[in-house]
Amino acid sequence: MGFLRVSIIALLISSSFASDVCGTNGISTLPPYFTSSDPSACRIRCSEDSKCKSFAIAVDLCYHYSKSTSELLDASPLSTLKFYDSLCDDATSSVKIGTSSKVHISHNPLIPSSLPSGRHGFPLTYTFEDDPLPTIVALGTPPLEKGLPGPTFDLDDMPCLLDPSSTGNQFNILGSNFIPLVIQEDNKLLPLPAPASEAEANAMGHPDDYMPPAFFFQKPADAPAGVYDIVLAGSTLKYVAMTSHGDAVLTSSSTGTTAVQRDGQSIVTSVFGVDCQGRITVIQDGSQYIWDISADGSSTAFTPDTTPSRTMIAYSLQQQARTRILRRNKYTEGKAPRCPKNPPGLVAKVFPGAPDLNPNGCGTKNGIDYVPDFSFGECCNAHDNCYDDCENGTFEQCNKDFHHCMRGDGCRYLAHWYSWLLHFACLKTADFYYWAVSSKFGRLAFQEATVARCGCYCPADRGMCGRGDGEYHCAAINGTDADAENCGGCGRVCSAKAKCDVHGKCVCPHDQCGDRCVDLRTHPNNCGACGYQCTTGYCVEGQCQTPNDPPQNRCVPVQGFANGGFSDGSKGWETCKNGCGVSNGGDLDLDDAHAYFAINGTDQVGIATTVKMCPGASYEISFSMRRWAGNSTCDFRYAFGQSMLGENDISTHSFDFPDPDDLAKHFVGPHNVPVFNKGDNGTLPDGDYLDVNFSGVVTCTNSSALVALDDFALAPAQTGWDKVGQDGLSTV
């Protein structure tokens, strides 16, 4: 689920701290917002800075962090940096800095890529921020209170349970009581008799393993639309015929729609059809018949009737074999999505005033007029409640759980030899009812439940903004990435140079001292903290400087993958659909704190991102691999410094996914990563850091598979870090 920070041999050991940390060696997963070469004043400066939650010191280093040690520290006894929470008082300190009555610090800068370097050029380019406090330019409107409705058009087609036009769609013939028809003496089709003894039941095997005769539909040359022959599958074809005595027999060839005399009786074969729910229909000479097992269960009968409801069932063997392994976004994808795909990221919730849950057992609705006779009542109630569960119930998962419930609790009481035949019928009924609710008829019921209870809302910290004509969008009205154009409401605009804070309020873009907006990194009268004045008149990165004494550039190592655990979904990752040199035959889902790869047959799917590294530094990579389903042989290859990874870029970094019977998570690494410097291919400078391309490809062969990658971590190699100077390289 993307929650693990992978251990890298002895250097990085993930830890959480229940109390303040005071002097623990380690390395940070986040960059500092303030650096200094004077560790003696590190604690005092941190204690008087409201932004500082923790600090780290070494021989000639002082780092301030905006997060506590529990949020950023990976402990390592080999690191020369010692970390302290802000309340610790045992770190070396002696220098006092200025204070102010009101301090609000919010910036979190990376160390800049360039600093002043000349006595004459520096004063000409030096500037600092000093502006009045923000105001509200436009009041705006509240976000949409009730969510958007779910989609009811442009949905995937849902075929009928069985397509009679394809001879490859085989089926068993079951009565309305789901007892199968078998071939008995004189080529008659009769109901399967119940085993008369335990030995006979054992010889028949488990009901799921018993295979009744298989049939398929075949279209006669001159038959009208919807009329077919039913043919026994096998090396010698035999045709099901309706006799003048009301029996069902097998004959050697099709009679067409006209009855003929064979074996002393009148028979006709081309009278059968099937409706969308899999019920077999019978029409002869314009008259409609119900074909079903007789009341005493010993034979079959054709009865004239114009309103058939309980009749023979074509139990599809293709439906029985069908499985799905692809994961989907539970709100916007699937056969019956709760929410539209636009705006992106919508989630379904119960809207205010929605009716309560009201399950009504197993009943007829939306064209599903078949009600099973077995003990499925609790399963039907749970299915109703799942359809009404806006947050968690998806169409596919509700139906799958319903199927498991019927075949489990609904049929388990019949698992005895003396009720073998009823157990068989119960299991087949569960399958058939599951197919029915998974069809377009079930989708209609799911959509009705969605309309009655569910609305589609923007994710947390976002509001639904837009117009009544349907042009809506999710605006960041509060939260960590709040929008100054929609700060706390739709169209609520902050004044120029302001930003919106996590509470939806307009605040200073960097820091506030008194009634002014400043930047503590550059303000000469508020340098590093409010009220701390620089006698030189120049402040650079929160330190007083003179033009001929610029600070030294430093690159501070951080966890290279910004979203290596996919906790932010696909943020920072590309799926390489059209840019990684792969054939793109599978599917990829990054929305559930994993990278899920669903691949059918022999194919590849790729991912790509950029990682942050210090120039010239040695790193190691770790990650996790897991197989969720499927038998295909799969591996993962990766490379650094390439914009795409294709067939001709086979990397030596290749790792096989676990075997099909091993579904546990496996951790890989640490493994060495190439050293990069500024100007190398596949890199871009980012201040003192490098953004280095990372790409990977999952390849599977033979059959389908669902596999996952997670927990990507990139950290300095085992040689450790002391400090990183202008060349970005460190040795211990």
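Brief remarks follow.
- Counted charge near Phe128, where neighbours are those whose Cβ lies closer than 15 Å (Asp, Glu -1; Lys, Arg +1): -3
- With a simple spin-label model that places each label point 7 Å from the Cα along the Cα-to-Cβ direction, the separation between Thr127 and Ala452 comes to 6.2 nm.
- In this structure, the pairs whose alpha-carbon distance is over 32 Å, taken from Lys497/Lys571; Lys499/Lys612; Lys219/Lys330, are Lys219/Lys330.
- HN-Hα J in Hz across region 241-254 - Karplus 6.51, -1.76, 1.60, θ = phi - 60°, x for Gly and Pro: 10, 8, 9, 5, 8, x, 8, 10, 10, 9, 10, 7, 8, 6
- Net charge of the neighbourhood of Ser244, taken over other residues with C-beta under 13 Å away and scored Lys/Arg +1, Asp/Glu -1, is -2.
- Packing here is the average count of other Cβ atoms within 10 Å per residue, and on that basis the peptides 271-279, 193-201, highest first, run 271-279, 193-201.
- Per-residue Karplus couplings for region 443-448, computed as 6.51 cos²θ - 1.76 cosθ + 1.60 with θ equal to phi - 60°, are listed in order as 4, 4, 5, 5, 5, 5 Hz, Gly and Pro entered as x.
- Sequence-ordered 3J(HN,Hα) estimates for region 493-503 from the Karplus curve with 6.51, -1.76 and 1.60 and θ = phi - 60° stand at 9, 7, 5, 4, 6, 8, 10, 9, 8, 5, 9 Hz, glycine and proline given as x.
- Working from label points 7 Å from Cα in the Cα-to-Cβ sense, the Thr535 to Asp163 distance is 8.8 nm.
- With 0.36 nm allotted per residue and the present C-alpha distance subtracted, the Asp568-Ser298 stretch has 90.9 nm of extension available.
- In this structure the amide hydrogen of Leu81, modeled in the peptide plane, comes within under 5 Å of the amide hydrogens of Gly26, none closer than 5 places in sequence on its chain.
- Carbon/sulfur fraction of accessible area - region 413-491, other protein chains in place, 1.4 Å, %: 53 percent
- Once the C-beta distance of Asp275 and Glu145 is scaled by a Förster radius of 56 Å, the resulting FRET efficiency is 0.80 to the nearest 0.05.
- Distance (nanometres) between label positions extended 7 Å along Cα→Cβ at Thr546 and Leu684: 4.0 nm
- Potential lengthening between Glu71 and Leu87 on full extension [0.36 nm per residue; Cα-Cα distance subtracted]: 4.2 nm
- Note on Val182 and Asp481: the extension gain reaches 100.9 nm, defined as 0.36 nm multiplied by sequence separation minus the Cα-Cα distance.
- At R0 = 60 Å, FRET efficiency that the Cβ-Cβ distance of Lys219 and Lys665 yields, to 0.05: 0.70
- Computed FRET value (nearest 0.05) for Thr135 with Cys22, which takes r as the C-beta separation and R₀ as 30 Å: 0.10
The values are calculated or read from the model by the stated rules, or taken from the named source; none is laboratory data. Note that the coordinates shown come from a computational prediction; the quantities given were computed from them, not determined experimentally. With ideal geometry, Cβ positions are generated from the backbone for all residues, glycine too; neighbour counts draw on all protein chains shown. Quick note on the areas: whole protein, heavy atoms, side chains included, nothing else; ligands and nucleic acids left out. Shrake-Rupley method; radii C 1.70, N 1.55, O 1.52, S 1.80 Å.
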